[in-house]
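Everything below concerns the one structure shown next.
The values are calculated or read from the model by the stated rules, or taken from the named source; none is laboratory data. Please read these numbers as outputs of a predicted model, since none were measured by experiment. For neighbour counting, all protein chains shown are included, and Cβ atoms are generated from backbone atoms with ideal geometry for every residue, glycine included.
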Amino acid sequence: MRTGRYLHLFPKALDFFDKLVYYLTMTLYQPNQKVKKLAQALLTLQDQKELILFLRDLLTEPEIEELAGRLSVAIALSEGKSQRVVAKETGVSIATVTRVNQWLKRGMGGYQKVIAALKASNDSHSLHHSTKQ
């Protein structure tokens, strides 16, 4: 028997669960000094080219592709596409798509922040180009 089948009947319980998971995630995750140093290093980079060079030194090409794939999945899911459609379109496994979806919904807000910033940047970029024409 699938216990998740009837969860839609209890939206307040789901809302409480989502908030509880978010609170526990936010309070339990404490980045260590290595992670903080990595974040600090990323913040020192001035532009996309510097970041790409650093990522290539830091990670293998498949690891970079994996990270890029996860971001593509998050963007597609945030646009309302189904997990199966996203898996097919991106070539990312359904397991990874599901994992990204969980972090997108109940994670620490990083995906949402980046997606919003990318959208704002794209909107600004499009607006900037349309005013030059």
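Residue count for the stretch 97-111 satisfying the condition of being part of a helix (DSSP H, G or I) and touching a helix residue (DSSP H, G or I) at 6+ places or on another chain (Cβ under 7 Å): 8. Taking the numbered list (1) over 10 Å from the mean Cα position of the chain (by Cα); (2) at pLDDT below 95 in turn, Gly80 passes all entries but (2).
Does the stretch 122-129 contain any residue that is exposed (fewer than 10 other Cβ atoms within 10 Å of the Cβ) and either modelled with pLDDT of 95 or more or touching an Asp or Glu at 6+ places or on another chain (Cβ under 6 Å) (or both)? Taking every residue of the stretch 122-129 in turn, none turns out to be exposed (fewer than 10 other Cβ atoms within 10 Å of the Cβ) and either modelled with pLDDT of 95 or more or touching an Asp or Glu at 6+ places or on another chain (Cβ under 6 Å) (or both). Within the stretch 56-92, being of a type in the set (Val, Ile, Thr) and either surrounded by fewer than 13 Cβ atoms within 10 Å (Cβ to Cβ) or without any contact (Cβ under 8 Å) to a residue 40 or more places away in the chain (or both) holds for Thr60, Ile64, Val73, Val85, Val86, Thr90, Val92.
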